[in-house]
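A short write-up of the structure that comes next.
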Amino acid sequence: MGISLLVVIMIINMIVTLASSDSGYGIYIPAAVAFVAGILMVTISSFAKIEMIGLGFGGWGGASLFASAIGFIVTSLVETYRHA
């Protein structure tokens, strides 16, 4: 699930990059949303056992945190080379 979420974040990043100007931090928003969602899911999973599509919220939260971390790294590298 983490790789699937990462692919979705990268596709959204490409769309945002093409639609936005060279200055701004809008490209970081999809990874930030995935990070916040991951933290919320991990927190909720510690209080209640909730499953979604056969995977617990802890698994979804971990996958979201993985995807957001890799998304932030790739996005920052792309932005570095784009502005150089």
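Only one of these conditions is not met by LEU77: (1) within 19 Å of ILE12 (Cβ to Cβ); (2) in contact (Cβ under 8 Å) with a residue 24 or more places away in the chain; (3) of a type outside the set (Phe, Trp, Tyr). Which number is it?
(2)
Where the second residue is of a type in the set (Ser, Thr, Tyr) and surrounded by 12 or more Cβ atoms within 10 Å (Cβ to Cβ) and the first is within 12 Å of SER68 (Cα to Cα) and lies in region 4-30, which pairs have Cβ atoms under 7 Å and are six or more apart or on separate chains?
Note: pairs meeting the criteria are LEU5/SER64; ASN13/THR75; TYR28/THR75.
Of PHE57, PHE47, which residue is surrounded by 18 or more Cβ atoms within 10 Å (Cβ to Cβ) and among the aromatic types (Phe, Trp, Tyr)?
On the way: PHE47 fails: surrounded by 18 or more Cβ atoms within 10 Å (Cβ to Cβ).
None of the others qualify; the one that does is PHE57.
For a quick check of your reading of the model, give me the residue pairs whose first member lies in region 56-74 and is over 16 Å from GLY26 (Cα atoms), whose second is aromatic (Phe, Trp, Tyr) and in a helix (DSSP H, G or I), with beta-carbon atoms closer than 8 Å and at least 6 apart or on different chains.
Listed by first residue and then by second, the contacts come to SER64/PHE35; LEU65/PHE35; ALA69/PHE35.
In region 1-33, what residues are farther than 19 Å from ILE53 by Cβ, open to solvent by 50 Å² or more (accessible area, probe 1.4 Å) and of a type in the set (S, T, N, Q)? Spell out how you get there, then give the answer.
Taking region 1-33 and keeping what is farther than 19 Å from ILE53 by Cβ, we get 10-33.
Right, trim to open to solvent by 50 Å² or more (accessible area, probe 1.4 Å) and you get 11-12, 14-15, 18-23, 25, 28-29, 33.
Those that are farther than 19 Å from ILE53 by Cβ, open to solvent by 50 Å² or more (accessible area, probe 1.4 Å) and of a type in the set (S, T, N, Q): SER20, SER21, SER23.
The values are calculated or read from the model by the stated rules, or taken from the named source; none is laboratory data. Computed from a predicted model, the values in this text were never measured in an experiment. Here the Cβ is made from the backbone with ideal geometry for all residues, glycine too, and neighbour counts use every protein chain on show. Calculation scope for accessible area: heavy atoms of the full protein, side chains included, ligands and nucleic acids excluded. Shrake-Rupley method; radii C 1.70, N 1.55, O 1.52, S 1.80 Å.
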